[in-house]
Each structure stands twice: as structure tokens, then as C-alpha cells.
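First the structure, in the form of C-alpha cells, and then the observations on it.
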Amino acid sequence: MTIRRAAEADVHPIVAMLADDPLGAQRETPGDPAYLKAFEVIDADPHQLLVVADRDGEVVGTLQLTFTAGLSRLGSTRATVEAVRVRSDQRGGGLGEQLVRWAIDEARARGCALVQLTTDASRVDAHRFYERLGFTASHVGMKLAL
């Protein structure tokens, strides 16, 4: 299994993973051309890194890293991990852990002082997963739908 930068051809398998989930099934529309437009924006932004886990030419996992420079913490950069997904037939084998550990290593290599993420309040298993990897529930996340 290799972790590599996502290509346009990976968009449909990534969206399929986003939709293959109780929350994603309610908000994703596989096949919509908006995903390809979003990919173009993400891929062109040097502060974004969308990756896939590739096993024998098949996309079996994904995550997105966003690098945000800030003035706090002595002007440090933060890495935000988002949209971690593992294809349903690949779950339970440690692939999610490999992806997140890879993201942490990438953030460290890019000089980030902090790795952060949010996870939906209903995803109790995900909370345990991230805590096992050393993350702490230190903040309350809030959203405003526009």
C-alpha cells in the first residue's frame, strides 16, 4: 500500500468513500461535477494536500491535510486532518491508523507545531480511534451552515 497525492482520476473513488457512511450518505451526491471543480481548487493550492491510499492500483483510503499559518504559538503552522475515510471492505486492518500516522509525519516534516482535527459528535468509535493515536478532545468545534 502506498500513500500518494490524489489525481483527478481518484475523485470518483474518494467521493464514493465519503458517501459510504451514515452521515455522508445524507450530504454527498456521487457523480456531481462539483467534485471535480473542488478537486481542481484543492490540487492547485499549496496549502492543501489530498492523498489516497493506493493498494494494487485501487483507492482504498483517503484524507486531506490543510496547512494553516498563524500568529499564535509563536507564528506556528497547524496541520488540519480532514475527511479520513477507508473503503468499507478494507476497514479493521489498520489502514486508517497508517493514514493518520502518515499525516502526522507529513505535518512534522513540514514544520507544523500542531496537528488538529474535528470529528462529528456522533462518531463515538472515531473519537476512541483518535484518542488511541494521542489526540485529545481539547476544544469544542462549531459550525454555521451557509
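The values are calculated or read from the model by the stated rules, or taken from the named source; none is laboratory data. Remember, predicted model here, so these are calculated numbers, not experimental data. No Cβ is skipped: glycine too gets one built from the backbone with ideal geometry, and neighbour counts run over all protein chains shown. Each accessible area value is taken on the protein alone, full model and side chains, heavy atoms only, with ligands, DNA and RNA left out. Shrake-Rupley method; radii C 1.70, N 1.55, O 1.52, S 1.80 Å.
Descriptive notes on the structure:
- Taking all protein chains together and a 1.4 Å probe, the residues 142, 17, 1 rank 142, 1, 17 from largest to smallest accessible area.
- Paramagnetic label reach from residue 91 (point 7 Å along Cα→Cβ; backbone nitrogen cut-off under 16 Å): within region 52-72, residues 60-63.
- Computed over the chain, the percent of Cα pairs more than 23 Å apart is 37.
- Relative contact order (percent, whole number), the chain, Cα cutoff 8 Å, 6+ residue spacing: 18
- Debye log10 I(q)/I(0) at q = 0.15, 0.20, 0.26 Å⁻¹ for region 44-99, Cα point scatterers: -0.53, -0.75, -0.99
- Put simply, the convex hull of the Cα atoms in region 83-146 casts, on average, a shadow of 5.7 nm².
- Candidates per trypsin sites (Lys or Arg not before Pro) in region 1-86, loop by DSSP, up to 15 other Cβ within 10 Å: none
- According to the Cα-based calculation, Rg over Rh for region 11-87 is 1.04, with Rh computed by the Kirkwood formula.
- Take the Cα of residue 74, go 7 Å toward its beta carbon, and the backbone nitrogen atoms of region 97-132 under 20 Å from that spot belong to 107-116.
- Debye intensity ratio in log₁₀ form over the Cα atoms of region 67-109, taken at each q of 0.24 Å⁻¹: -0.84
- Residue 42 versus residue 138: modelled label distance in nm, points set 7 Å from Cα along the beta carbon direction: 2.6
- Accessible area in the full protein assembly, largest first, 1.4 Å probe, for 35, 130: 35, 130
- Normalised by the number of residues in region 1-42, the average gap of Cα pairs under 8 Å and 6 or more apart makes the relative contact order 37 percent.
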